[in-house]
Structure formats: structure tokens, C-alpha cells
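Comments concern the structure below.
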Amino acid sequence: MLNDSPPAKSALKSRVLLISHNFPPTQGPESALVRLNTLDLLRRGWQVSVLTTTMDHIYQGMDQTMLDGLPPELEVIRTPSYDAVIRRRWPRVARVVMTVLRRWVLPEVFLLWLFSSVPAGKRWLQKHGPAILYSRATKHVSNVTGWYLKRATGLPWVAHFSDPWIERHLNGFQRWFARQFESRIIRDADALVFVTKKLADRVLRSYPSVAHKTHIIPHGYAPLVGSLTPVKGAGQRPLQALHAGSFIPGYRDPANLLAGLALLNQRLPLQGCLLLTFVGQDTTVYQPQVEASGLAGVVRLLSSVPFEQCQQMIGQSDLLLVLDTPGYGGIFLPTKLIEYLPYEKPVLGLTEPDSVVHELLRESNQYFADLDSPEDIAAVFERLLLQWQTGVWEISTKARSCVLEYRIDRVNVKLDDLLNSLAAKLPKNTA
């Protein structure tokens, strides 16, 4: 279990208005990250209030357990995102309108949140006085909201990027639309935070003048409660592997992994030796491929489960898998990879060469295979299964040392320093 208990009281610092379309009980990795960062900032003494959406979303599910551990005094300002409002009130119309907006007009349909988030942010600032603005994206509407509030108030503002915005899935008009906001966000933010240098280099290649305000702060994890339980029964039972995380059909899927396991299964029957579980959104759609590959007794597909249940599954597994996202130059740092680290289990990454995932796993003496090569995937799984049969199953000292680098209390020292520097720009009577 993760140790994300309510923060202990410490000396109060300045106000922070954290802006994020994703926040509990919204399900998903960004919601979990924002929750974790909110708790860490509260522990450090920042007076955090969160501007987010209501408990109603057009695409994402809800996980009420993610509200557990949030301090009751935390102020959460919830405003409706009108994509969800339209769907709820006029479902037939919404199917047409949302499809048109998503495919041909808006670079992100969640931009409809602007109509409520910006007025709500202005009202909050008028009532409570100046604060540091801290917007977090994968949902880029969060940064666009931050930009509008920055323009209206002139307050110091941190814009956070987990993913690029202007990418291949957008049409020409959507790219132009997104570029108008992206350029303004990058120009006007007092600080830009990216989770990897590769991501920063990709997004900022058109903005060479902003290097001085760019900061690399990776994802972090919360330490576990209690001591770790060593793996038992290695070599005496099937190796239990887990991939926790959603698939995106045609974008990030298990096709090559299944092909690699099918190759291995031809020379080393896997049933009774390996049980691989996929858990997350859009996993069950691959059941026909699993059966066609002859892996029905080896691969299990489960839909999304609550966050805490997923963490328990990670803790009970022997091998943890992460799938990189192909075609983007290896810029992504998957949230689940960082969430795996405190469990100190062997991790296998299916990656592109020199990707962020590949570099992290190589530096930490973990395992990786070429995402585009079923033969390489089969070979790495075969080596792991042979290692499992020896009865020795643990990670190296180097891997344990690397884990510590991603603890949230270490990772966010840079964020804390950054916010302290921006707090000096607030009017003296609010510091």
C-alpha cells in the first residue's frame, strides 16, 4: 500500500492555485499524479487549492477510493466541463457534436472546460487574493486555463507538460488552433516543467529562447507503508507477470508482445510456466488476438480496477511490464513505470532504442526488449523464465539505488525551490 496519508502540519507558505482537469475521483494516471503532488505540496507547507472539473466526465470513469487520504480541509473548486454537460443533457446531439468537435475542430474536446474554469479561477483569486498559478497537463485545457488567468492577473505561473500537444493525430486546422495556445503558454509562463528532457526538446524545438525557464522534474512515487514482502515460490509455480495500464488501439497495443509470446510458446510451452495479466482500459478488446495466438491459458485480460486494487496487484506480481508508446522518439515517462519502482520487483520494458523508458531501465539494471521485434521479446522472456526456474528472483543493488531517485519527496525538491522563487514575485502582503 502506498504511503500517501494526510500531510502533517508545517510552516505555511504562499497560496498555490493548482489547475488540473484531472483530479480524484477521476480515474487515470494523471489524476493519481496530481493527487500525489497535491499531498506533497501540502506537506511542504504550501496553501494549495485545486481548480478542477465536477465528478462527471465524457470519457473517463470514476474511482471514489482515490478521494481517500485527501485532507477534508483541502479546498477543491469543481466546475463543469461542458463536453460532459452536453452528453448528459442531450445524449443524441452530443454523439454528433462531440464527434465533429473532436475529429475536425478542437485539438482537445476538453477545451470546453474553459467556459467554466476561467471564470471560477478569477472569482477565487478575487476572493482569496494573489496566488502562484500551477497548471498541469496531459489535458492541455489546464494550461490554457492557466494562461487566461495569467493574462487576467499577471500572477506568477508554472505550466506543466507530461505529453506533447501538437502531434500526428491532429488535422491541419487543429494543429493551427493548438499552436496558437501552445505558443502563448510557452511565451507567457514564468516557468515550464517537463517530465523528461526528450519531451522538452521535442516541444520546445520551435521555441529556442525559453531554455532559461525550462525545468525537468520527472514523475515521483509515494513510499510504501510497511516492509516489502520478498517473492516466494520462485521456480515452484508459474511466473506471474502484470501490465497495469490502458491500451490505446492503433496507438499503444500489445500486438508485438503477443506475437513474441506466441513465438516462444512454439518452442517452450508457456501454460503452467507463465501467467501474464493485463489490467486497464481497452484491454479486453484483445481477447480474440490472445485466443488466435494460442495464449488463452497464458494471458489474462481484465478491465480497469480501482487504484488501490491495482496497486495490490502490482505488489502481488513477480514481474512488472511497461509498454512504451511507439513513433514519438521515446519521449514519454509512463506513470505506471514510476509507480512500479517502490515495489522493488523486476521490470521489463518493451521500448524503442534510446527511449526514456529504455534509458531508465538500462541505468537501473532492469530488463528491456525491442518493442518492434517479437523475436527479441521472445528471447528476453525466455531468459527471464530460465532465471525464474533457478529459484532466485530479486533486483540488483543498483536497481534499488535508482528507485530512491524517484521518491516524491526527492523529486519535488526542484518544484519546491521553483515555487519558492516565484513566491518572491507575489505582493508582500500575501507571502
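Which members of the stretch 382-408 meet the condition of being of a type in the set (D, E, K, R) and in contact with a Gly (Cβ under 8 Å, 6 or more places away or on another chain)? The answer is R407, and nothing else. Number of residues in the stretch 117-155 that are among the basic types (K, R), closer than 23 Å to G28 by Cα and either at pLDDT 95 or above or surrounded by fewer than 18 Cβ atoms within 10 Å (Cβ to Cβ) (or both) equals 1. Does V392 satisfy being within 23 Å of P269 (Cα to Cα) and surrounded by 19 or more Cβ atoms within 10 Å (Cβ to Cβ)? Considered against the rule, which asks whether it is within 23 Å of P269 (Cα to Cα) and surrounded by 19 or more Cβ atoms within 10 Å (Cβ to Cβ), V392 comes out as no. Does D163 meet the test of being farther than 24 Å from Q47 by Cβ and either assigned to a helix (DSSP H, G or I) or in contact with a Gly (Cβ under 7 Å, 6 or more places away or on another chain) (or both)? No.
Across the stretch 183-200, the qualifying residues are those that are in contact (Cβ under 8 Å) with a residue 40 or more places away in the chain and in a helix (DSSP H, G or I), and the one among them that is farthest from T145 (Cα to Cα) is K198. Out of P91, P71, one residue alone is modelled with pLDDT of 95 or more, at negative phi and surrounded by fewer than 17 Cβ atoms within 10 Å (Cβ to Cβ). It is P71. For V118, the conditions (1) touching a residue at least 12 places away in the same chain (Cβ under 8 Å); (2) within 24 Å of G280 (Cβ to Cβ) all hold with the exception of (2). Considering the stretch 287-307, the residues that are surrounded by 14 or more Cβ atoms within 10 Å (Cβ to Cβ) and in a helix (DSSP H, G or I) include one that is modelled with the lowest pLDDT, namely F307. With respect to the conditions (1) in contact (Cβ under 8 Å) with a residue 60 or more places away in the chain; (2) within 30 Å of L17 (Cβ to Cβ), D417 lacks only one, and its number is (1). Pairs are defined by a Cβ separation below 7 Å, a sequence spacing of at least 6 or placement on different chains, a first member in the stretch 251-271 that is surrounded by fewer than 14 Cβ atoms within 10 Å (Cβ to Cβ), and a second member that is aliphatic (A, V, I, L, M); the pairs so defined are Q271/V298.
Going residue by residue through the stretch 103-115, is there one that turns out to be in a loop (DSSP other than H, G, I, E, B) and under 27 Å from Q311 (Cβ atoms)? Looking for residues that are in a loop (DSSP other than H, G, I, E, B) and under 27 Å from Q311 (Cβ atoms), one finds none in the stretch 103-115, hence no.
Scanning the stretch 99-128 for residues that are of a type in the set (S, T, N, Q) and closer than 14 Å to N143 by Cα returns a single hit, S117. Restricting attention to the stretch 226-266 and to residues that are assigned to a loop (DSSP other than H, G, I, E, B) and basic (K, R), the residue that is nearest to the chain's Cα centre (by Cα) turns out to be K232. If you filter the stretch 380-406 down to residues that are more than 19 Å from S317 (Cα to Cα) and in contact (Cβ under 8 Å) with a residue 40 or more places away in the chain, you find that the one that is farthest from the chain's Cα centre (by Cα) is C402.
Within the stretch 309-365, the set of residues being under 24 Å from P164 (Cβ atoms) and in contact with a Lys or Arg (Cβ under 7 Å, 6 or more places away or on another chain) comprises V322, L323, T325, G329, G330, I331, V356.
Each row is one residue, and each column tells you yes or no for (1) over 20 Å from A120 (Cβ atoms); (2) in the same structural domain as K139 (by TED's automatic domain parsing); (3) touching a residue at least 60 places away in the same chain (Cβ under 8 Å).
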{"position": "T38", "(1), (2), (3)": "no, yes, no"}
{"position": "V48", "(1), (2), (3)": "no, yes, no"}
{"position": "D63", "(1), (2), (3)": "yes, yes, yes"}
{"position": "V97", "(1), (2), (3)": "yes, yes, no"}
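Among the residues of the stretch 107-150, the ones that are in contact with a helix residue (DSSP H, G or I) (Cβ under 7 Å, 6 or more places away or on another chain) and either of a type outside the set (G, A, S) or outside the structural domain of L51 (by TED's automatic domain parsing) (or both) come to 26 in all.
Looking at the stretch 224-243, is at least one residue under 30 Å from V158 (Cα atoms), at pLDDT below 95 and surrounded by 15 or more Cβ atoms within 10 Å (Cβ to Cβ)? Scanning the stretch 224-243, I find at least one residue that is under 30 Å from V158 (Cα atoms), at pLDDT below 95 and surrounded by 15 or more Cβ atoms within 10 Å (Cβ to Cβ), so the answer is yes. Scanning the stretch 126-155 for residues that are hydrophobic (A, V, I, L, M, F, W, C), under 25 Å from the mean Cα position of the chain (by Cα) and farther than 12 Å from L114 by Cα yields I132, L133, A137.
Just one of the listed residues (I86, I77) is surrounded by fewer than 21 Cβ atoms within 10 Å (Cβ to Cβ), over 19 Å from the mean Cα position of the chain (by Cα), at pLDDT 95 or above and outside any loop (DSSP other than H, G, I, E, B), and it is I77. Residue check: Q311 meets all listed conditions (1) assigned to a loop (DSSP other than H, G, I, E, B); (2) at pLDDT below 95 but one, namely (1).
Tell me whether the stretch 414-431 contains one or more residues that are part of a helix (DSSP H, G or I), modelled with pLDDT of 95 or more and among the β-branched types (V, I, T).
So far as the stretch 414-431 goes, no, none of its residues is part of a helix (DSSP H, G or I), modelled with pLDDT of 95 or more and among the β-branched types (V, I, T).
When V158 is tested against (1) in contact with a Phe, Trp or Tyr (Cβ under 7 Å, 6 or more places away or on another chain); (2) hydrophobic (A, V, I, L, M, F, W, C); (3) surrounded by fewer than 18 Cβ atoms within 10 Å (Cβ to Cβ), just one condition goes unmet, and that condition is (3).
The values are calculated or read from the model by the stated rules, or taken from the named source; none is laboratory data. Note that the structure is predicted; figures quoted are calculated from it, not measured. Please note: Cβ atoms are built from the backbone with ideal geometry, for glycine as well, and neighbour counts cover all protein chains shown.
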